[in-house]
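Q: Take this structure first; my questions come after.
The values are calculated or read from the model by the stated rules, or taken from the named source; none is laboratory data. Since the model is a prediction, treat every value here as computed from it, not as a measurement. Heads up, the Cβs are rebuilt from the backbone with ideal geometry, glycines too, and the neighbour counts pull from every protein chain shown.
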Amino acid sequence: MRKVDRVEENISEEIKRLGGETEAFSRAPYDAVSAESGGYTDYSYWRSTLKAFRTNKAAMFCLCLLVLLLSFTVIQPLLPNQHGDTQIHWLENGQTDRNHLPDDKFIFGTNSIGQDLWARVWSGTRTSLFIGLCVAACNAAIGILVGALWGYVRSLDRFLTEVYNVIHNIPRNIILILVSYLVKPGVGTIIFAMCVTGWLPMARFIRNQIVTIRDLEYNLASRCLGTPTGRVITKNLLPYLVSVITLRVALAVPSAIGSEVFLTYIGLGLPVTIPSLGNLINEGRAVMMAASSRYQLIFPAIVLSVITISFYVIGNSFADAADPRNHV
Amino acid sequence: MIKYILKRLLQSLLTLFIIATVVFFLMRLMPEEGYFGEKYDKMDPEQIEAELTAMGLRDPIPVQLWRFYGSLLRLDFGKSITVRPKVAIAKIISQKAPYSIRFGLCSVAISLLVGIPMGTVMALFKKKIPDKLGNMYIIFIHAVPAAVYYLFIQLYVTDILHLPILYNERDPVSQWLPMISMSLGGTASYAMWTRRYVVDQMNRDYVKFARAKGVSEGGITFGHMLRNALVPMAQNLPATILLTISGSIYIESLYSIPGMGNLLLSAISRQDNPLVQALVLIYSSLGIFGLLLGDLLMVLCDPRIKLVREKEDR
Amino acid sequence: MKKTAALLLSLAMLLSMAGFVHGDSLPTFTELYSSELQTIDYVDSTLTALTTFAMNTQLGLVYFDNFGLLRPGVAENWSISADGTVYTFYLRQDIPWVDYRGNKAGNVTAHDFVTAAKHILNPDDPKSVANTLYNNLVGAKDYYDKVTDDFSTVGIKALDDYTLQYTLLGPSAYFMRMLGNNVWYPVPTDFYSEHAETYGTSCEDLLYNGAYYCASYEYEYERVLEKNPYYLNADKISIGTVIYRYNKEATANGAELFLRGDTDKVSLTNDIAKEWMEDASRSDKYCTAPQNNMSYWIAFNFDPQFEAEFEPDAWRVAVNNVNFRKSIFYGFNSHTYNAVLNQWNYAENTLTTFSRPDLVTVGALDYLQLSGLEEYYDQDLLFNEEKALEYKAAALKDLEGKVTFPVKVKVTYNTSGSTSTRYQVLEQQLEKTLGSDYIDLILAPYSGSSFNSDVRNTGDWAMLELGWGPDYADPMSQFDPILKESIGKNWGKVYLAQEYYDEALGYGDVEKKALEANAITGDFDLRYTTFAEAEKLLLDEALVVPCYRGGGGFQATRIVPFTQVTGQMGDGGARNAITLAALSDHPISEEEYKALREQYLIDRTAARAAYVEESAGYQIPEK
């Protein structure tokens, strides 16, 4: 029997002896005076994090930009003189008003079949941000849960490594092609498709992080004191990882938008009635070799870049702010 | 340790076996039209049956599975059925892999040699000009889709420097640009993570202590901080290096490099079952082996990490 | 740094110059290709890329010259039995096989054609083109189905080394033309048995008797063809080396590669064509691209099999009303639709008939000018808003109470294909012209890689764009997708159209007429005239809505247009092969193209006139 286990056993025996099920200790109310002598502060991790984050001007700017962008995508259809995002505009001669350069009527011009790019870009941003946020949230939730267990619980390591190796090594395309037979294309499908295997890298990342820190002294100490696994993970390990996790999650949003393009290629893309940034960029890429049509790539690409950069800067600054060592 | 490695290797065999079986079944779920591609429209139903029979797809699944296991044991990947009918898979791969490995290794090397120093410098000059410049580069790489900037690099850089657009076996200069383009993404992410981990280490007590002890700044950076910062990255490195064999889809397509980049993709879309199975097995065994190497490398870099639960815990 | 770069650059230039040192003074032609051949076994399939390879490297019994006229190839002449079922070919005795180094390896004999047939019909390794053989040759189906394993029962025999005989299932109007197809090319007998395992997998594993031999072939990198000095028309070959360079992104950077001289032929996308038109330095570097063999139409589904929410029963009633169909027939603006694909010369690509022009001719007349079909052929555009609204009014009257308007039209599209943009135009254009209270097109996405078997063949659609390229130059092959006896049973079941449906036969008037025409094998004028009647019926009843023909657009090329050989489709098919092509020292401009085309049409008329006399010696009386 290991020493730690023995210590744990002793402690639990001691607790039982002292008062059965009841807690050995009870929480004392905060008292500034006695805190002074005990070295206790009302330091709150999250409050300090937010405070540190707020002082970062670039990050705050990006956050505002993102919020503005998000609200504009919602407001845009309600503004006067807006065109539908799939409506085709016609010329007198019966042809479509295609590749109409940006002007007063069409702020971003029209695409190759005469649809208003302005309306499409905003509608696409709306769709893509929604998809990106959902995917990032799903992947983070599943990834962190699995990764934390995988990294910390040694008995699960072998099993989860096995599961990871199997799923990770089956080409995503095979799974996606098969998924495409089972479900109809749509926003829900695309989110599902991105989550099927999308959580794996996150789980693996968390696992590796935890493996490197789980044997550090303070965790050893925690274990010695008999802290339950769940508590060690949530209180000792995850906060330490908050900074790197936020960075990962922030980057997951733009990468989800990027993989839309690929899914469209596989045939799992969104229906044509739902424009998205991924599809707009894909359409733009097809015409980018001609300078006069390049605006069809540039407008959606600018919006995508703004989103990506914002998430990156916010993620990075938040990661910095979330590091407790930067709080002092 | 050796026992541990042997155990992991044996375990990998089991994993590979499971992967091979799962992929085998998944490929059998694919619709039959996929085996014929464009030819499908001009064929009679009897012909389709005959061809499927000839491909061995009309045998009962257990028979097919048994045959598949048999060929696995003999380490015989068989022949391609739709991508390059009748050509031995070993031959297809041996023709293509060297290109991907060469380009991949060079680009990983460039990424590492540029990315890590770049990240370190960025961290040491945190919030100063080098950091800002580096960040701009990283942001650019992340913000602009690779498919877009690859194409622009190919057209404009070749134009300005008078380099050939396409890769040419007879012209070594033509391989530089693809290699450099290929390394851009890796450079950015190595720089990003190095910077982050080094910044993480900078506030550690041991660094402060070392500085107080009078260890030179260089000694602190390279002897202590970088070594600790690189640990989390070391884990992925072996797998990255081994998997360079899988090639780069975009770069190889743009520059006409006959590598492995598109092979798995086209094998899947043309439903070349033996080729898909072979590629998945190769890639996954390299991936799993890479993971093992990564774990070992991590232990080498950081003795505090334990992979084996030692009998006597202190 | 600069120094090293300069040094390496000059080194590179030296090396690249070394690449140009050729013993032969004939010029080199380079072309890009973006999808690799699955195999170079040239009888394996009739996919365009393989057919092109075959036409560059092989010579069949007959071939088609640049005017689309049938010329003797390996065969010197031939005879046809009185009942039209036995074809006997007398082969030239001096056509050598050549290996990948250009060395002679024996002569082409009659046995090589038998070997090819055996190779294709091999029941244990079936080829997708086997049906071409067993639909024509006696006994081939039995051998293919393993009813017999005696190949001598198949209707192809080498009477001696240089006499070959085919026995057909019945008289055929198009067998001679069909022989121009790569499916009927010879396979070297001894070489084939020596290389049984690897035949057709690399350039070393093939022999060549055509204009070029394949000197090197690296998968997804390049194919190099060198002139075959022993080729029948070797003296007319003016391009010494042909390099096919693989580039998956050829559509994106092909134009740039052309401008830098790295390739000699590319097609231009709509947007790049626009750039070139507007730029003085490039406006003389492109010309019209040839059209190909495909014709496309908007199809109606007469046997709708889809969910109740799209109201299949109402669609069945509506589509069986001729006025309803005609309202769409005239309400559909194919110019608008085609412009999505081909922004600049969509008008030339627009079809107003079911078949494409130049399929077959009767004397000086195109098949489409027979039996009153010219009424459609002579129009530039079928779209006619007035007529459409007239028929709409009639349809509203006919269908009142039988269906609820708007009629729902399910248009299923493949999410990974390119049709979706066109369908959006189709939807909004039709609804704009006919009113969204009359029809309501609903675009329904399908994802997955078996659109043809899951959607098209099962009838999970109401309207769809379909395309077809005939397998041989005869209207019968063009009719395949609408005939019950052929693949028409999977493509919307046109023969079910109620007004003409013959319960006893299981098909309608169009099919009756087409089968009647197909039975005529001796008299070509009558055969084609009767087919034209069938096609006119098809259009009169608006059973299909003509749309566009394949190919077209713009290209940048140094190949002098109309010089290369044509395929079995004669003049109407795309000219992909470069056998007999002439190479210009500069890109062909649109003016040059137009002038050359005019000259070509004049020459063709003359060549056709002369052909009557020239061809007299090709077919000899039975011995």
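Q: Could you go through the stretch A:249-263 and let me know if any residue there is touching a Ser or Thr at 6+ places or on another chain (Cβ under 8 Å), crowded, with 19+ Cβ neighbours inside 10 Å and within 13 Å of chain C (Cβ to nearest Cβ).
A: Looking through the stretch A:249-263, at least one residue is touching a Ser or Thr at 6+ places or on another chain (Cβ under 8 Å), crowded, with 19+ Cβ neighbours inside 10 Å and within 13 Å of chain C (Cβ to nearest Cβ).
Q: Checking C:HIS586 against (1) surrounded by fewer than 16 Cβ atoms within 10 Å (Cβ to Cβ); (2) closer than 25 Å to C:LEU69 by Cα, which single condition isn't satisfied?
A: So the condition that C:HIS586 fails would be (2).
Q: C:VAL187: within 26 Å of C:ILE578 (Cβ to Cβ), modelled with pLDDT of 95 or more and buried (at least 21 other Cβ atoms within 10 Å of the Cβ), yes or no? Break it down into steps so the answer makes sense when it comes.
A: Details: within 26 Å of C:ILE578 (Cβ to Cβ): yes; modelled with pLDDT of 95 or more: yes; buried (at least 21 other Cβ atoms within 10 Å of the Cβ): yes.
Taking the combined requirement at face value, the residue satisfies it.
Q: Is it true that B:VAL83 is outside the structural domain of B:ILE245 (by TED's automatic domain parsing), of a type in the set (A, V, I, L, M) and touching a residue at least 60 places away in the same chain (Cβ under 8 Å)?
A: For B:VAL83, the condition - outside the structural domain of B:ILE245 (by TED's automatic domain parsing), of a type in the set (A, V, I, L, M) and touching a residue at least 60 places away in the same chain (Cβ under 8 Å) - is met.
Q: Does any residue of the stretch C:396-417 turn out to be of a type outside the set (Gly, Ala, Ser), assigned to a strand (DSSP E or B) and without any contact (Cβ under 8 Å) to a residue 12 or more places away in the chain?
A: Checked against the condition, which is being of a type outside the set (Gly, Ala, Ser), assigned to a strand (DSSP E or B) and without any contact (Cβ under 8 Å) to a residue 12 or more places away in the chain, the stretch C:396-417 yields at least one hit.
Q: State yes or no: is A:TYR152 closer than 14 Å to A:ARG207 by Cα, modelled with pLDDT under 85 and of a type in the set (Ser, Thr, Tyr)?
A: yes
Q: Among the helices (runs of 4 or more DSSP H) lying completely within the stretch C:262-345, list those that include at least 2 residues that are among the basic types (Lys, Arg).
A: It comes to C:322-331.
Q: Separate question: Can you pull out every residue in the stretch B:158-176 that is within 23 Å of C:GLU31 (Cα to Cα) and either of a type in the set (Lys, Arg) or part of a helix (DSSP H, G or I) (or both)?
A: Within the stretch B:158-176, B:THR158, B:ASP159, B:ARG170, B:PRO172, B:VAL173, B:SER174, B:GLN175 qualify.
Q: Among (1) within 27 Å of C:ASN323 (Cβ to Cβ); (2) buried (at least 22 other Cβ atoms within 10 Å of the Cβ), there is one condition C:SER449 misses while meeting the rest; what is its number?
A: Result: C:SER449 passes all but (1).
Q: Kindly provide the set of residues from the stretch C:202-213 that are surrounded by fewer than 24 Cβ atoms within 10 Å (Cβ to Cβ) and in contact (Cβ under 8 Å) with a residue 12 or more places away in the chain, ordered by number.
A: C:SER202, C:CYS203, C:GLU204, listed by residue number.
Q: Every residue in the stretch C:67-84 that is assigned to a loop (DSSP other than H, G, I, E, B) and farther than 22 Å from C:ASP571 by Cβ, please. Break it down into steps so the answer makes sense when it comes.
A: Step one: filter the stretch C:67-84 for residues assigned to a loop (DSSP other than H, G, I, E, B), giving C:67-69, C:73-74, C:81-84.
Passing the criteria: C:VAL74, C:SER81, C:ALA82, C:ASP83, C:GLY84.
Q: While we're looking at this one, here's another question. State yes or no: is B:PHE103 in contact (Cβ under 8 Å) with a residue 40 or more places away in the chain, within 23 Å of B:GLY259 (Cβ to Cβ), away from chain A (no Cβ under 14 Å) and not in a helix (DSSP H, G or I)?
A: Values: in contact (Cβ under 8 Å) with a residue 40 or more places away in the chain: yes; within 23 Å of B:GLY259 (Cβ to Cβ): yes; away from chain A (no Cβ under 14 Å): yes; not in a helix (DSSP H, G or I): no.
Here the answer is no, as B:PHE103 does not meet what is asked.
Q: Let me ask something else. Of all residues in the stretch A:95-116, count the ones that are buried (at least 17 other Cβ atoms within 10 Å of the Cβ), more than 11 Å from every other protein chain (Cβ to nearest Cβ), assigned to a loop (DSSP other than H, G, I, E, B) and in contact (Cβ under 8 Å) with a residue 24 or more places away in the chain.
A: Result for the stretch A:95-116: 2.
Q: Answer yes if at least one residue in the stretch B:201-218 is in contact with a helix residue (DSSP H, G or I) (Cβ under 6 Å, 6 or more places away or on another chain) and not in a helix (DSSP H, G or I), and no otherwise.
A: Within the stretch B:201-218, one or more residues are in contact with a helix residue (DSSP H, G or I) (Cβ under 6 Å, 6 or more places away or on another chain) and not in a helix (DSSP H, G or I).
Q: Hey, could you check the stretch B:236-276 for residues that are free of Cβ contacts under 8 Å to residues at least 60 places away in the same chain and under 21 Å from B:LEU166 (Cα atoms) and say which is farthest from the other protein chains (Cβ to nearest Cβ)?
A: Ranking the qualifying residues of the stretch B:236-276, first place goes to B:ILE249.
Q: Considering only the stretch A:264-283, state which residues are within 11 Å of chain C (Cβ to nearest Cβ) and either over 15 Å from A:VAL187 (Cα atoms) or part of a helix (DSSP H, G or I) (or both).
A: A:THR264, A:TYR265, A:ILE266, A:ASN279, A:GLU283, listed by residue number.
Q: Restricting to the stretch B:184-201, what's the tally of residues that are hydroxyl-bearing (Ser, Thr, Tyr) and surrounded by fewer than 22 Cβ atoms within 10 Å (Cβ to Cβ)?
A: Residues in the stretch B:184-201 being hydroxyl-bearing (Ser, Thr, Tyr) and surrounded by fewer than 22 Cβ atoms within 10 Å (Cβ to Cβ): 1 in total.
Q: In the stretch A:173-207, what residues are buried (at least 19 other Cβ atoms within 10 Å of the Cβ) and charged (D, E, K, R)?
A: A:ARG204, A:ARG207
Q: For A:ILE314, work out the one condition from (1) away from every other protein chain (no Cβ under 11 Å); (2) touching a Gly at 6+ places or on another chain (Cβ under 7 Å); (3) under 21 Å from A:LEU65 (Cα atoms) it doesn't fulfil.
A: (2)
Q: Scan the stretch B:1-16 residue by residue and report those that are in contact (Cβ under 8 Å) with a residue 40 or more places away in the chain and either under 23 Å from the mean Cα position of the chain (by Cα) or closer than 30 Å to C:LEU133 by Cα (or both).
A: The answer is B:ILE5, B:ARG8, B:LEU9, B:SER12, B:THR15, B:LEU16.
Q: I'm checking my understanding of the structure. Among residues of the stretch C:530-546 that are aliphatic (A, V, I, L, M) and in a helix (DSSP H, G or I), which one is nearest to C:ASN345 (Cα to Cα)?
A: Across the stretch C:530-546, the extreme among qualifying residues is C:LEU539.
Q: Could you check, for the stretch B:14-36, whether at least one of its residues is among the aromatic types (Phe, Trp, Tyr) and within 13 Å of chain C (Cβ to nearest Cβ)?
A: Yes, the stretch B:14-36 contains at least one residue that is among the aromatic types (Phe, Trp, Tyr) and within 13 Å of chain C (Cβ to nearest Cβ).
Q: Could you list, ordered by first residue, the pairs with Cβ atoms under 6 Å in which the first is in the stretch C:140-163 and of a type in the set (D, E, K, R) and the second is at pLDDT below 90, at least 6 apart or interchain?
A: Final answer for the pair search is C:LYS146/C:PRO123.
Q: Among C:LEU466, C:LEU441, which is assigned to a strand (DSSP E or B), surrounded by fewer than 19 Cβ atoms within 10 Å (Cβ to Cβ) and away from chain A (no Cβ under 11 Å)?
A: C:LEU466
Q: Going through the stretch C:238-270 one residue at a time, which ones are more than 20 Å from C:LYS285 (Cβ to Cβ) and at the interface with chain B (Cβ under 10 Å from one of its Cβ atoms)?
A: Result: C:TYR246, C:LYS248, C:GLU249.
Q: Have a look at C:ARG527, C:ARG549 and point out the one that is among the charged types (D, E, K, R), part of a strand (DSSP E or B) and surrounded by 23 or more Cβ atoms within 10 Å (Cβ to Cβ).
A: That would be C:ARG549, the only listed residue that is among the charged types (D, E, K, R), part of a strand (DSSP E or B) and surrounded by 23 or more Cβ atoms within 10 Å (Cβ to Cβ).
Q: Taking the condition facing chain C (nearest Cβ under 9 Å) and under 14 Å from B:VAL148 (Cα atoms), does A:ALA290 pass?
A: Considered against the rule, which asks whether it is facing chain C (nearest Cβ under 9 Å) and under 14 Å from B:VAL148 (Cα atoms), A:ALA290 comes out as yes.
Q: If you don't mind, there's one more thing I want to ask. C:VAL409 passes all but one of (1) modelled with pLDDT of 95 or more; (2) surrounded by fewer than 22 Cβ atoms within 10 Å (Cβ to Cβ); which number fails?
A: If we test C:VAL409 against (1) modelled with pLDDT of 95 or more; (2) surrounded by fewer than 22 Cβ atoms within 10 Å (Cβ to Cβ), just (2) comes out false.
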